[in-house]
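Okay, so here's the structure we're looking at.
Laboratory data are not the source of any read-out in this text; all were calculated from the coordinates shown. Predicted model only: the values in this text are computed from it and were never measured. Note that we place each Cβ from the backbone using ideal geometry, even for glycine, and neighbour counts take in every protein chain shown.
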Amino acid sequence: MNPSEKRPAPAALECEALTKRFGGLEAVSHVALRVEAGERRAIIGPNGAGKTTLFRLISGEFPATSGTIRLFGHKITDMPCHRRAGLGLGRTFQVTNLFPTMTVADNLVTAAMGLRRTKFSMVRPLSTYKEIYALAGDVLTRVGMSEKREHIVKYLSHGEQRQIEIAMALISGPKVLLLDEPTAGLSPAESASMTATLQKLDPAITILIIEHDMDVAFNVASRITVLHQGCLFVEGTPQEIRNNPQVQEIYFGEEEKPC
């Protein structure tokens, strides 16, 4: 290689032959996935396709049976969750994961402190952490929730809580953000609001989104990966996936085909 030639930048996220078995069940089977920095990628597929299991492997919740996971070229296959987060991996969940009796701002401050060296004190009000509190305000503005900063989380609507969960993931400054069904349980109007929020996120953040609402997936992502029976079934642009007859088959009820 010519020394003057630049090596290509590593992918933001790369999985090679990633596999997860639960006894005799192969929930994720030799999945190869490459997501470039700044890309918006949707992971879709019918129920039981292995989508959430794939996210749990990437985030470190489940150990891989075999295969490799890399984050910006760093092998993270065997790293614990907190080390992956420290390298820039953020995550939201299907079920909201908030502190219901705390204010919105305090939820964000608590989340931010998980990755900082700031010493936490049980008797010190979270609002006294001025720098982090200001950052929480900035993040809430970015997701259109700044007016809710002093509201108690349990009194917010489900849609608002989903927005706050996005903010909690963003406050850690993720480089890669995994969103697990962010519009689950939302009304059409709330789904439209969430879609608009996701479209306005910093384009430098790489986003992977699991989503059952195809309108949301196609409006947020520039590229779609379809999983079926734990396997990577097909990839393409939203238009290519929308028009793919094989994808229509696995969604609308034909014979199950092995990988």
Under the rule of -39500 (n - 2.57) per DSSP H run of 4 or more residues, summed and divided by the residues of the chain, what mean residue ellipticity at 222 nm is obtained, to the nearest 500 deg cm²/dmol? -9000 deg cm²/dmol
Hey, any idea what Rg/Rh is for the chain, computing Rh the Kirkwood way over Cα pairs? 0.99
In the range 1-106, what chymotrypsin sites (Phe, Trp or Tyr not before Pro) fall in a loop by DSSP, with at most 10 other Cβ atoms inside 10 Å? none
With +1 assigned to the C-beta of every Lys and Arg and -1 to the C-beta of every Asp and Glu, and no other charges, what is the dipole magnitude of the chain about the Cα centre in debye, to the nearest 20? 1180 debye
Quickly rank 232-239, 10-17, 205-212, 104-111 as a protection proxy: mean count of other C-beta atoms within 10 Å, highest first. 104-111, 205-212, 10-17, 232-239
Residue 85: net charge of surrounding residues, Cβ under 11 Å, Lys/Arg +1, Asp/Glu -1, itself excluded? +4
Residues with beta-carbon under 15 Å from that of residue 192, excluding residue 192: net charge, scoring Lys, Arg +1 and Asp, Glu -1? -3
Counting DSSP beta bridges in the chain, what percent are antiparallel, to the nearest 5? 55 percent
Count of lysine pairs, the chain, Cα-Cα under 23 Å, sep. 8 or more residues or interchain, comes to 13
